[in-house]
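In what follows, a single structure is set out as structure tokens and then discussed.
Derivation of every value follows stated rules applied to the coordinates shown; laboratory data play no part. These numbers were taken from a predicted model, which means no experiment stands behind them. Using ideal geometry, Cβ is built from the backbone for each residue, glycine included, and neighbour counts are taken over all protein chains shown.
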Amino acid sequence: MIQPDEYIRSLLKRQPGESVTARGWVKTRRDSKNVHFIQLNDGSSPVDLQVVLDAGLVPPETVAAITTGASLSVEGALVASPGKGQAVELKARTVKVHGAANPETYPLQKKKHTLETLREIGHLRPRSNTFGAVFRVRNALAFAIHKFFQDRGFLYVHTPVISASDAEGAGQLFEVTTLELGKPPDFTQDFFSRKTFLTVSGQLEAEIFAHAFANVYTFGPTFRAENSNTPRHLAEFYMIEPEMAFCDLKGNQDLAEAFLKSLVEQVMEACRPDLEFLTKWYEPELLKTLDGLVNSRFERITYTEAVAALQKSGKNFEFSTEWGADLQSEHERYLTEELFGKPVIVTDYPRAIKAFYMRANDDGQTVGAMDVLAPRIGEIIGGSQREERYDVLKQRIAEQGMPEEAYWWYLDLRRFGGVEHAGFGLGFERMLMYLTGMKNIRDVIPFPRTPGNAEF
Ligand code: ATP
Ligand code: MN
């Protein structure tokens, strides 16, 4: 096993003269008359360790097996590197090839592959420079999320993956059943004696916990049978859902803004070289927009103001900008990229287009919803103050034609120690798109699940 101080990331920071063993996979081998130069990487760093192997030191068969993709252990001494980009390189004394990778058949050769091609070799793409950077950023972001909430005393709660409720009331559900396919279903005979689904959100269960622990968050997988094939939707994705008791829409917005800023700051600190790599190869504006997010004060406008701004814009939008219509991607981009040039929080949407649990405003027309929109990707967070008034909630459930019996426990929260509360959902992969500059959500998750795709 590689010990913490043996990762290439650590070796690159050590002093010349130290004896070390490096392990990893060969990126490239280059031969000159007297030496072989091997670029070695173990996934810990966007910078490879350069190994210098004197010609004749190991048998020719060993050298021949050191090709792109092969796994090696190299023992030797660190020496000052004459090349730029790294301070030290490794002068090899012994080399062990653990597994060769036939250059005739190994698909991930040095040449630059398109992201689409790399998706077809999902078992090998983590070894590429691009996906090395993306998955290190993903790891750092997951850690940053827990850090943010744990520092503030939020309780981490695991909500169920298999659920009987459809939080959004919006369809797009994957059913979970052990009934035989093809027969008319009798759900009383099913595994759970009822209809169940893969969860679309942990919010309703998080609300239960917020009524006991005040500030809580979930962070887990979520499933939606989105048959839409967009670059921003997955069938399986991760969502972070904080829920806060004794909190209104203003507190919710403040937390969302502090949260996004903290995440960007923490990842910039942890993964600077990766973000520089991604800026160079994928999104020239990346570091600039990340700095912009940290240093801006998010714009806050109501849906009604947003609609007025869209109508005044003089733009020819494809979708309607009438009051009552949902904001589309093109509208979100106009607001964030052109009108304000920074993240925008839009609040108080028409009640007809939002979920039943959002708190009804006194105007009778709108609910206390909030969406956080970010330049380049549009909606990144959706949230709301929740309806804590028993009678109003009951009426909203009826109004949307939903079965009241199914929500008995949700209604009970409003009968026993109910309190104003609010929360939001951040799509983990949407945030990663923002942080990495990747344009397709399939390229920020290890094994994307989309219509027709579940190979790896
Ligand atoms: P959209 O309009 O983009 O489909 P939504 O309104 O369905 O989003 P919510 O139900 O509010 O989204 O979910 C909360 C967050 O989860 C969204 O803000 C987004 O970041 C993320 N999200 C929603 N659907 C998906 C999906 N299919 N794949 C990845 N992330 C998603
Ligand atoms: Mn959606």
Rounded to the nearest 10, the angle in degrees between the Cα long axis of helix 249-270 and the longest principal axis of the Cα atoms of the chain comes to 0 degrees
For the range 308-456, the Debye formula with one identical point scatterer on each Cα and no solvent gives log10 I(q)/I(0) at q = 0.13, 0.21 Å⁻¹ as -0.77, -1.22
Expressed in nanometres to one decimal, the distance between label points 7 Å along Cα→Cβ at Phe143 and Thr21 is 2.5 nm
For Ser193 and Tyr156, extending 7 Å from Cα along the Cα-Cβ vector and measuring point to point gives, in nm, a value of 3.4 nm
Full extension between Arg376 and Arg389 adds, at 0.36 nm per residue less the Cα distance, a length in nm of 0.9 nm
Full extension between Lys315 and Lys183 adds, at 0.36 nm per residue less the Cα distance, a length in nm of 42.3 nm
The helix 203-213 Cα axis meets the longest alpha-carbon principal axis of the chain at an angle in degrees, between 0 and 90 and rounded to 10, of 90 degrees
Counting only DSSP beta bridges fully inside the chain, the antiparallel percentage to nearest 5 is 90 percent
Relative contact order in percent for the chain (Cα pairs under 8 Å, 6+ apart) equals 13 percent
Kirkwood Rh over alpha-carbon pairs of the range 170-297 plugged into Stokes-Einstein at 25 °C, 0.890 mPa s gives a D in µm²/s of 133 µm²/s
Within the range 215-234, the residues whose backbone N lies under 19 Å from a label point placed 7 Å from the Cα of Asp326 along the Cα-to-Cβ direction are 222-234
Of all chymotrypsin sites (Phe, Trp or Tyr not before Pro) in the range 1-103, the ones in DSSP coil with at most 13 other Cβ atoms within 10 Å are none
Mean projected area, convex hull of alpha-carbon positions in the chain, reported to one decimal in nm², is 26.8 nm²
In this structure, the FRET efficiency calculated for Glu455 and Asp362 from their beta-carbon separation, with R0 = 60 Å, to the nearest 0.05, is 0.70
Contour minus Cα-Cα span, Ala352 to Lys112, at 0.36 nm per residue, comes to 81.6 nm
To the nearest 0.05, the calculated FRET efficiency linking Asp248 and Glu338 through their beta-carbon distance, R0 being 25 Å, is 0.25
Quick calc: nm separation of the 7 Å Cα→Cβ label points for Glu399 and Thr230 -> 2.5 nm
Violations at 23 Å Cα threshold for listed pairs Lys288/Lys439; Lys13/Lys147; Lys280/Lys439; Lys27/Lys112 -> Lys13/Lys147
Expressed in Å to one decimal, the Kirkwood Rh of the range 305-389 from all distinct alpha-carbon pairs is 13.3 Å
Over the chain, the sum of -39500 (n - 2.57) across DSSP H runs of at least four, divided by residue number and rounded to 500 deg cm²/dmol, gives at 222 nm -8500 deg cm²/dmol
One can check that the equivalent ellipsoid of the range 350-395, built from the alpha-carbon gyration tensor with semi-axes equal to the square roots of five times its eigenvalues, has lengths in Å, largest first, of 24, 10, 8
